[in-house]
Amino acid sequence: MFPRYTYPPYAFLKLAVNVFIGGHRSFRRDGKDCVDGLQPPLRILGAEHIPASGSTLITFNHYYRPGFNAWWVALGLAAVVPLDIHFVMTSELTYPGKWYAPLGMAGSHWLLWRLSMIYGFTSMPPMPPRPKDVAARARSVRRTLEFARQHPRAVLGLAPEGGDQPGGLLNWPSSGAGRFLLLLAGAGFHIVPVGAYEMDGEFFLNFGEAYDLVVPPGLPVDEKDHVSAEIVMRRIAAQLPESMRGSFQ
């Protein structure tokens, strides 16, 4: 048995209008509207670690199962964090193995681009990386770092895995994610790990204690990438049930 996830009709209609005519919306307000309708209500663990000030990077697992979409994790975070979160979101859904993948990818690319404009988020090509996305991914990384420099008191949010994971189990992010996270940490952002999961018919967000991402000096680039990614993912794993920790038991 799983929670009942529904979208408020009035909020959905207003968003649909914005998708076609433009304008700005508050993701925090929309998140609250959606989460208020959850049955049973969203369960929060580690509430004392919910960031109350900026210069924070929230990292969370890209939880997924058939019937549950990862945007509910972002909606839940937006609803409970008392500050606006600037999410780094995917720019496209890939539908691997589906006959409708080409049409779905084109349609989702347009829709997600519109949503990133409406909410003011930074979009990034989907995971796993595709050769054609190298330049676009580099631009997205630069835009995120520039946003962090221009908004040093912001709250950022991202799922390092960058895509749905088989069985909802935690998995390694793609190469380069660790370096990206280390650059954000170097810009002065503390990291708050969050584990998102469903258990006993309820949806949970478990917040962990904030930390500073630091790796030993002098490491080769690839090793630095691996070490920083492992630190971040193990911190997320600590907020998940053991059965969901995947590669980070």
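All of the numbers you see were taken from the coordinates with simple rules; none came from a lab. Worth saying up front: this structure is predicted, and the values here are computed from it rather than measured. Quick reminder, even Gly has a Cβ in these numbers, built from the backbone with ideal geometry, and neighbours come from all protein chains shown.
Worth a mention:
- Size of electric dipole in the chain: Cβ of Lys, Arg +1 and of Asp, Glu -1, about Cα centre, debye, nearest 20: 760 debye
- Equivalent ellipsoid semi-axes, region 172-249, via Cα gyration tensor eigenvalues times 5, rooted, Å: 26, 14, 9
- FRET efficiency, 1/(1 + (r/R0)^6) with R0 25 Å, evaluated for residue 105 and residue 71 via beta carbons: 0.90
- 71, 99, 172 arranged by Cβ crowding within 10 Å, fewest neighbours leading: 99, 71, 172
- Within region 185-221: backbone nitrogen closer than 15 Å to the residue 149 label point (7 Å, Cα to C-beta): 185-189
- Placed amide H near residue 87: partners under 5 Å, 5+ positions off or other chain: 122, 157
- Among 79-86, 59-66, 37-44, the order from most to least packed when residues are scored by Cβ within 10 Å on average: 59-66, 79-86, 37-44
- Dipole size of region 113-249 about its Cα centre, with +1 on Lys/Arg Cβ and -1 on Asp/Glu Cβ: approximately 780 debye, rounded to the nearest 20.
- Positive-end residue of 193, 219, 170, charge dipole of region 129-249 with Cβ unit charges: 219
- For region 1-86: rounded, prolate or oblate by the Cα gyration tensor [a/c cutoff 1.5]: oblate
- Over the chain: helical MRE at 222 nm, DSSP H runs n ≥ 4 each giving -39500 (n - 2.57), nearest 500: -12500 deg cm²/dmol
- One Cα centroid belongs to region 205-245, the other to region 1-23; the line between them spans 34 Å.
- Lysines with Cα under 20 Å of residue 32, excluding same-chain neighbours fewer than 8 positions away: 14
- Net length gained if the chain between residue 2 and residue 29 were fully extended (0.36 nm per residue, minus Cα distance): 7.3 nm
- Projected-area mean, region 136-207, by convex hull of Cα positions, square nanometres: 5.9 nm²
- For the residues 47, 78, 159, a GNM of the chain with alpha-carbon springs under 10 Å puts the largest fluctuation on 47.
- Tensor-based shape of region 24-163 (alpha-carbon gyration tensor, a/c under 1.5 rounded, otherwise prolate or oblate): oblate
- Along the axis of the charge dipole computed for the chain (Cβ charges of +1 for Lys and Arg, -1 for Asp and Glu, origin at the Cα centre), the listed residues 159, 22, 181 are led at the positive end by 22.
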